[in-house]
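Below is one structure, written out as structure tokens; the observations come after it.
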Amino acid sequence: MEPSCGICKSGNIERVPYDNHERKLNLYVVKHHVGAWLAGAGLGTGWLKQRLLFTPSKNILHCLACGYGRYERTFEEGELECYYRRRYSLAGGLPKEAWDDFDYVVGHAKTQGQWAFVSRHLPVSGGFKMLDIGAAASRMSRLAKDHFGGRVECSVIEPGDGWLEYYRHHGIELAGRFFPSDLGGEYDYVHTSHWLEHVEHLEPVLHALRKSTAAGGLCFIEVPNCDATYFSRSFPDSPHIHFFTSASLTAAMRQHGFEAVQVTECAMVNSEYHGYRCRTALLTAEEQRTAEILEASVEQVRGGNLLRALFRAIA
């Protein structure tokens, strides 16, 4: 059976090699194909299987109608949880001496841009409940507490053990380790930053997002903008599972009971961002500062490498 798009259901699908959009043969690709052959022959170790979870020996199913893409592989139970706990949850947390360093919060370019994007939409009076999913240091919770004081109750979803004391120190509740989970209530504002592209199954996650967001409440999502330029250049995919455009993200959220408040392509255009990512070790301080300024901006940039989106839960 030919695949179809998980969002718009179109059958206009292309297969793009993961981490190798330009289909070039290089040492990285050869190593992964040899590793896949060894694993397929039953010669792989647990270490090798972890290394091959995200590999150019697999493809992305890319919809040419709405732009949505999905990594074409099935994960065994517990594989992703183990992977993120070991490699991507920042499990060690921050050194204790940095816990109260507010410059760490306000000096972060993406956080500046996200706060400027959503803060004018947050309640101007009364209390509200906020949930940050995939939180790590939860800079947004700390900004909200600094701005709204006792009016905001901040909760987080975070797998890393190293953040537990940090959350207690800042009066942030740990609501769960992974999402979806039974949260026992709804939130007025749900914040997700570079998280949605990592979940395994999109449908149940979006269903749970709507269930966790109060009617009329807001959900913020920031993900990479995987437009046509993204798929024409060999951008690093790992460890992303889902690949969104503004059209596909808006459609997916609409299907699960959200309406768009604002969806913006921003930051550095993807063609320039590709060059930036290819030479990060050689960047000048001025180039790095320019990139940070663009990340902190809320200005619409057609073809920008970031999608910032705010949705409202329909009653």
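The table for this structure:
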read-out	value
Subset of the stretch 106-141 [surrounded by 20 or more Cβ atoms within 10 Å (Cβ to Cβ) and under 19 Å from Leu174 (Cα atoms)]	Met130, Leu131, Asp132, Ile133, Gly134, Ala135, Ala136, Ala137, Ser138, Arg139, Met140, Ser141
Any hit, the stretch 268-277, residues being touching a helix residue (DSSP H, G or I) at 6+ places or on another chain (Cβ under 7 Å) and closer than 18 Å to Asp19 by Cβ	yes
Answer from Glu222, Glu292 - the residue that is of a type in the set (D, E, K, R), under 27 Å from Ala135 (Cβ atoms), touching a helix residue (DSSP H, G or I) at 6+ places or on another chain (Cβ under 7 Å) and at pLDDT below 95	Glu292
Of all residues in the stretch 68-105 being among the small types (Gly, Ala, Ser) and over 16 Å from the mean Cα position of the chain (by Cα), the one that is surrounded by the fewest Cβ atoms within 10 Å (Cβ to Cβ)	Gly78
Sole residue being at pLDDT 95 or above and surrounded by 21 or more Cβ atoms within 10 Å (Cβ to Cβ), chosen from Thr213, Thr229, Thr250	Thr213
Residue identified as farther than 16 Å from Ile133 by Cα and touching a Gly at 6+ places or on another chain (Cβ under 6 Å) among Gly92, Gly107	Gly92
Enumeration of residues in the stretch 181-233 that are under 19 Å from the mean Cα position of the chain (by Cα) and charged (D, E, K, R)	Glu197, Glu200, Glu203, Arg210, Glu222, Asp227
Filter result (in contact with a strand residue (DSSP E or B) (Cβ under 7 Å, 6 or more places away or on another chain) and closer than 30 Å to His256 by Cα) within the stretch 8-38	Cys8, Ser10, Asn12, Ile13, Glu14, Arg15, Val16, Pro17, Tyr18
Qualifying strands (runs of 3 or more DSSP E) (wholly inside the stretch 212-315; at least 3 residues being of a type outside the set (S, T, N, Q) and farther than 25 Å from Val124 by Cα)	258-269, 304-313
Among residues of the stretch 253-270, those that are loosely packed, with under 15 Cβ neighbours inside 10 Å and over 21 Å from Val298 (Cβ atoms), counted	2
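The values are calculated or read from the model by the stated rules, or taken from the named source; none is laboratory data. Quantities reported herein were computed from a predicted structural model and do not represent experimental measurements. Virtual Cβ from ideal backbone geometry, glycine too; neighbours counted across all protein chains shown.
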